[in-house]
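Read the structure below first, then the notes.
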Amino acid sequence: MVSKTEETQLNRLENQVDNGGGGAWEYLCLARKLKVRRPENVLKYGLSILNDSKKRSALGPEEWTLYEQVAIAAMDCQCLDVAKDCIKVLRKKFPESKRVGRLEGMLLEAKGLWGEAEKAYSSLLEDNALDQVIHKRRVAMAKAQGNISAAIEWLNKYLEIFMADHDAWRELAEIYVSLQMYKQAAFCYEELILSQPTVPLYHLAYADVLYTLGGLENLQTAKKYYASTIDLTGGKNTRALLGICLCTSAIGQVSKGRNKEDKESPELQSLAAKALEKDYKQRADDKLGLLTSVLTSLKI
Amino acid sequence: MAEDLVLDTAIRDWVLIPLSVVMVLIGILRYFVSKLMLSSQLPDPKIVKEGQIIVRARNLRAAANFIPPKSFRSRRVYFSNEENGLLFVPKGQAQNPQAQMFSDPNMAMDMMKKNLSMIIPQTLTFAWVNFFFSGFVAAKIPFPLTQRFRSMLQNGIDLSTVDVSYVSSRSWYFLNLFGLRGLFSLILGEENATDDTQRMMQMSGFGFDPSKNLGAEKDGLDIVQHEWALPKFEHRAEAVLKKLIK
C-alpha cells in the first residue's frame, strides 16, 4: 500500500512531466517501485524514452526493465502491437528467460486466448513449481474469465504453500466478500490482522464483515474493531465512526429484552455522533442534514 | 631473549606486501569464479513451505491479542494438534533433513562446490606460503605472547630462544585470511564468496534447522496466553474521540 507522501510525490512528478518539464525517468522508477498501476502515463512517457535512441542508450541496463514496464502498460491499455514489439525485443536479448515467458503469457491473456495462456503458464510452472508470480497470474486469469470458483481454488492451493503472503490473503478476502461468503472472508481478514496488526484498513474491513454477519456476539466484536480503527486512525475515519453508531443501535435492538452488559456503549456512541457532526460541519456542511436525520433514527 | 631483532626492510617489501596483494587478488578471482559457477538452485518446495509456516506461526504468536479468542484457539489447534498439525513433527522424522541433504544429489553437489571453492585456494596459498616464505622471521607482533604460541606462529624458525613475538610468514597469512574480509566487503559489496568465516560457522550447524525451528515454534505457540486486547481499544477510542471533539 502506498503512503500519502509517496502518492503526492507521484502526482507531483506526473504533473511535472505532463507540463513538459523532464523527470519522466524518475516517474517511471517511482511507479515501478510503488507498484502502482498508471498505464496511460507509463505508456506515454515510456515510449517517449524508448523511441528516442539517445535517451534509450543513456539508460544502460535499465533499458530492459523499462521495456518490461512499457509492455505491461501497453497490455493494460490494449495497445497490443506496442506490447508485442517490446516483448520481441526482450526475447531477442534474453532468449531463455522465464520473465519474458511470463510476459508472453500475459500477452496471450490480453488477447483473450485463455487456453494458450494457460498452457504457457503450466509449462513455465513445470520448470519452476515455486514461481509465485506465475501462480498469481493463473488466479488472475481465472478471475478475468469470470470463473470465480476456479480462482478461489487456485488461490487456496497457492496459500497452502505460501501462507505468509498477505497480498494473497487480501485478494482471497475480497473475492469471498464479493461472493457473500462472509465467514471465510472473516478468516482471511483475521490472517491479515495477524500479519499486520497496525494497519487500520484490515480492522475496518473485518468489522464490516462481522457487522454484516450479524448476531449479538459478532456485533459486539465488530464494535470493538470499529473502536480499534478509530484508535489507529486518530478518530478521522468516518466509516468507523458511522460503524460504531450502527453497531450500538443494532446491539440495542438485538438485546432489547436482556440487560445491557457493556457499560461504555452510550458514551462511545454519543461521542462518535458528535465527532461525525463536527467532521461533517467542517467538510460537507450541506450534507449535515442527512447526517442528523440518520443519527436520530439510529438512537431510537 | 629480550633483545630487539632488527628486521630487514626488504622483508616488508618482498614478503608482507606481496603476500597481502596476492591474497586480495586470489579473493577477487574466487569471487568472479563463484559468480560463473553459480547454479540456480531450485528451491525445495517442502523447505519453502516450512519457512512460510514458520512466518505465519510467528505472526500468530506476535499478534495473538488482536483477534478474538475463538479464532486464536482454532488456529492454535490447526498448528499444533497431534495428528496433522502443521508444526507437529513426529520424533521419527526429525532426523530426516540431514540425511535427505546428503542423499539429494543436487544439494550435495552444491555444497561440495561451495566447500571446494573455499578449500582449494586456501590450501594452495598455504602451500605456496610455506614453500617460498618459510625459515625466516617475517614480522614482530606488537604485544607479548606466551610460549604456547611458539609452535603455531614460529613454525619455520628453529631457534627456541627467539621471542615469541617474532613470527613467521605463516602467521601473516592467517592474519590476512581473517582480516581481509572487511576489505572484500568494501570492494566487492556485501555479498561475496570470500566470506569464509561465515561459511565455516554455517558448516557446523547445517541440516537440522527446519525441524528444530518447527518444534521451537510449536512450543512457543503452546505457551502463549491469549489476552484479547480489543476491549481496551474501546476505552482508547473514547479517549481519542473526546480529545477530538474538544
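The values are calculated or read from the model by the stated rules, or taken from the named source; none is laboratory data. Just so you know, these numbers come straight off a predicted model, no measurement behind them. Virtual Cβ from ideal backbone geometry, glycine too; neighbours counted across all protein chains shown. Areas reflect the complete protein model, heavy atoms only, side chains present, ligands, DNA and RNA absent. Shrake-Rupley method; radii C 1.70, N 1.55, O 1.52, S 1.80 Å.
Filter region A:142-155 down to residues that are under 17 Å from the mean Cα position of the chain (by Cα) and closer than 20 Å to A:Ile72 by Cβ and give me whichever is most open to solvent (accessible area, probe 1.4 Å). Within region A:142-155, the match that is most open to solvent (accessible area, probe 1.4 Å) is A:Lys143. Contact annotation: residue pairs with Cβ atoms under 8 Å, 6 or more positions apart or on different chains, pairing a residue in region A:68-80 that is more than 13 Å from A:Leu47 (Cα to Cα) with a partner that is surrounded by 23 or more Cβ atoms within 10 Å (Cβ to Cβ), are A:Met75/A:Ala83; A:Leu80/A:Ala74.
Across region A:164-197, the qualifying residues are those that are outside any helix (DSSP H, G or I), facing chain B (nearest Cβ under 10 Å) and in contact (Cβ under 8 Å) with a residue 12 or more places away in the chain, and the one among them that is most open to solvent (accessible area, probe 1.4 Å) is A:Gln196. If the requirement is being more than 30 Å from B:Leu183 (Cα to Cα), modelled with pLDDT under 75, of a type outside the set (Lys, Arg) and buried (at least 16 other Cβ atoms within 10 Å of the Cβ), which of these qualifies: B:Asp4, B:Asp44? So the residue among B:Asp4, B:Asp44 that is more than 30 Å from B:Leu183 (Cα to Cα), modelled with pLDDT under 75, of a type outside the set (Lys, Arg) and buried (at least 16 other Cβ atoms within 10 Å of the Cβ) is B:Asp44.
Only one of the numbered conditions (1) more than 11 Å from chain A (Cβ to nearest Cβ); (2) open to solvent by less than 60 Å² (accessible area, probe 1.4 Å); (3) at pLDDT 80 or above is violated by B:Pro68, and that is (1). Within region A:1-53, the set of residues being closer than 18 Å to A:Trp64 by Cβ, part of a helix (DSSP H, G or I) and open to solvent by 30 Å² or more (accessible area, probe 1.4 Å) comprises A:Trp25, A:Cys29, A:Arg32, A:Lys33, A:Leu47, A:Ser48, A:Asn51, A:Ser53.
Before we move on, is A:Leu232 within 12 Å of another protein chain (Cβ to nearest Cβ) and either modelled with pLDDT of 85 or more or surrounded by 12 or more Cβ atoms within 10 Å (Cβ to Cβ) (or both)? It is true that A:Leu232 is within 12 Å of another protein chain (Cβ to nearest Cβ) and either modelled with pLDDT of 85 or more or surrounded by 12 or more Cβ atoms within 10 Å (Cβ to Cβ) (or both). Checking the structure you have, find out if any residue of region A:268-276 is within 30 Å of B:Asn59 (Cα to Cα), touching a helix residue (DSSP H, G or I) at 6+ places or on another chain (Cβ under 9 Å) and not β-branched (Val, Ile, Thr). Looking through region A:268-276, none of the residues is within 30 Å of B:Asn59 (Cα to Cα), touching a helix residue (DSSP H, G or I) at 6+ places or on another chain (Cβ under 9 Å) and not β-branched (Val, Ile, Thr). Checked against (1) aromatic (Phe, Trp, Tyr); (2) at pLDDT 80 or above; (3) outside any loop (DSSP other than H, G, I, E, B), B:Phe143 passes all but a single condition, namely (3). Of all residues in region B:223-246, those that are more than 7 Å from every other protein chain (Cβ to nearest Cβ) have Cβ atoms under 6 Å from Cβ atoms of residues that are aromatic (Phe, Trp, Tyr), 6 or more apart or on another chain, in B:His226/B:Phe72.
Apart from one condition, A:Val209 fits all of (1) modelled with pLDDT of 90 or more; (2) not in a helix (DSSP H, G or I); the exception is (2). Can we say A:Leu298 is more than 8 Å from chain B (Cβ to nearest Cβ) and modelled with pLDDT under 85? Here the answer is yes, as A:Leu298 does meet what is asked.
Only a single item in (1) aliphatic (A, V, I, L, M); (2) closer than 20 Å to A:Arg102 by Cα; (3) not in a helix (DSSP H, G or I) is not met by A:Val133, and it is number (3). Under 28 Å from A:Lys143 (Cα atoms), touching a Pro at 6+ places or on another chain (Cβ under 9 Å) and modelled with pLDDT of 85 or more: is that true of A:Met106 in this structure? Against the criterion (under 28 Å from A:Lys143 (Cα atoms), touching a Pro at 6+ places or on another chain (Cβ under 9 Å) and modelled with pLDDT of 85 or more), A:Met106 does not qualify.
Going by what's in this entry, would A:Asp208 be described as touching a helix residue (DSSP H, G or I) at 6+ places or on another chain (Cβ under 9 Å) and within 11 Å of chain B (Cβ to nearest Cβ)? It is false that A:Asp208 is touching a helix residue (DSSP H, G or I) at 6+ places or on another chain (Cβ under 9 Å) and within 11 Å of chain B (Cβ to nearest Cβ). Within region A:105-134, the set of residues being crowded, with 20+ Cβ neighbours inside 10 Å, free of Cβ contacts under 8 Å to residues at least 24 places away in the same chain and within 26 Å of the chain's Cα centre (by Cα) comprises A:Tyr121 only. Among the residues of region A:198-224, the ones that are open to solvent by 30 Å² or more (accessible area, probe 1.4 Å) and over 15 Å from the mean Cα position of the chain (by Cα) come to 11 in all. Being surrounded by 21 or more Cβ atoms within 10 Å (Cβ to Cβ), touching a Phe, Trp or Tyr at 6+ places or on another chain (Cβ under 9 Å) and free of Cβ contacts under 8 Å to residues at least 60 places away in the same chain holds for only one residue in A:Val139, A:Val89, and it is A:Val139.
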